Amino acid sequence: MSELGDLLKRFRGESSLFEVEKATQVSRAQLMRYEKGLLPKEATLRKLADYFEVPYIELRKVYYADYFRQCPEERQAVMACFRSEQEHPD
């Protein structure tokens, strides 16, 4: 499972997947996948943040932590780009 998935499941609490689906228009099947570690698209993440009444930016931080854990080569590329910008500012 992912940190984001754990967080979404915790936010859902006693609410059923059906209740969240009805309120967000995100299918129960997709919600289950997100809770198991699939990373949602930005628009879906915004819907879930709104529904759970949590700041979108906080969910986005957790999203990227999971993303970089799942794709370490992407993290390396981003970090290399960041270091390059610091060494050669405009």
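Any read-out appearing in this document is the output of simple, stated calculations on the displayed coordinates, not a laboratory observation. None of these values were measured; they are calculated from a predicted model. Note: ideal-geometry Cβ built from the backbone for every residue, glycine included; neighbour counts use all protein chains shown.
Of L45, L38, L31, the sequence from fewest to most neighbouring Cβ atoms within 10 angstrom is L38, L45, L31.
Residues whose amide H falls under 5 Å from that of S2, counting only those 5 or more places apart or on a different chain, are G37, with hydrogens built in the peptide plane.
Estimated from helices alone, the mean residue ellipticity of the chain at 222 nm is -23000 deg cm²/dmol (sum of -39500 (n - 2.57) over DSSP H runs with n ≥ 4, per residue). Exposure proxy shown here: for E42, E3, the number of other Cβ atoms within 10 Å sets the order, fewest to most, as E42, E3. Could you work out the pair-distance distribution P(r) of the chain from its alpha-carbon pairs, with 10 angstrom bin width and percents rounded to whole numbers? Once binned at 10 Å, the Cα pair distances of the chain give 16, 44, 23, 12, 5, 0.
Karplus-based coupling profile of the stretch 39-56, in residue order and whole Hz: 8, x, 6, 4, 4, 5, 4, 5, 4, 5, 4, 4, 4, 7, 6, 10, x, 3, with θ = phi - 60° in 6.51 cos²θ - 1.76 cosθ + 1.60 and x standing for Gly or Pro.
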